[in-house]
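The values are calculated or read from the model by the stated rules, or taken from the named source; none is laboratory data. Computed from a prediction, not measured in an experiment: that's the story for all the values here. Virtual Cβ from ideal backbone geometry, glycine too; neighbours counted across all protein chains shown. Protein only, heavy atoms only, side chains kept; ligands, DNA and RNA dropped before computing areas. Shrake-Rupley method; radii C 1.70, N 1.55, O 1.52, S 1.80 Å.
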Amino acid sequence: MPKRTLTGLITSDKMDKTVVVKVESIKEHPIYRRKYKFHQKYKAHDETNQYKTGDKVIIEESMPLSHDKRWKVIGKAA
């Protein structure tokens, strides 16, 4: 089974080797059929601390690295 990848914006880089990535998506209400934006935050592993707040990055699912960190940053998004 392939690993999931998501694209998002870094909102925080204050932790050591960890960044917080905000991923936005569009959902549709099941009854009213109105579309709305939905966002979720993920903590992702950044081994070299090279990504900063405001960067658009691609994250990939990985094994658990800590209590709430299950994603790795694999690169910048175009």
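Numbers at a glance
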quantity	calculated
Selection count, the range 8-37, where residues are part of a strand (DSSP E or B) and either in contact with a Phe, Trp or Tyr (Cβ under 9 Å, 6 or more places away or on another chain) or open to solvent by 70 Å² or more (accessible area, probe 1.4 Å) (or both)	16
Residue within the range 7-18 that is hydrophobic (A, V, I, L, M, F, W, C) and in contact with a Leu (Cβ under 9 Å, 6 or more places away or on another chain) present	no
Selection count where residues are acidic (Asp, Glu) and farther than 13 Å from residue 73 by Cα, scope the range 1-46	3
Hits in the range 46-63 (condition: surrounded by 10 or more Cβ atoms within 10 Å (Cβ to Cβ) and over 10 Å from the mean Cα position of the chain (by Cα))	46, 49, 50, 51, 52, 53, 55, 62
Residue pairs meeting the criteria (Cβ under 7 Å; at least 6 apart or on separate chains; first of a type outside the set (Gly, Ala, Ser), in the range 41-55; second buried (at least 17 other Cβ atoms within 10 Å of the Cβ) and part of a loop (DSSP other than H, G, I, E, B))	51/13; 52/13; 53/13
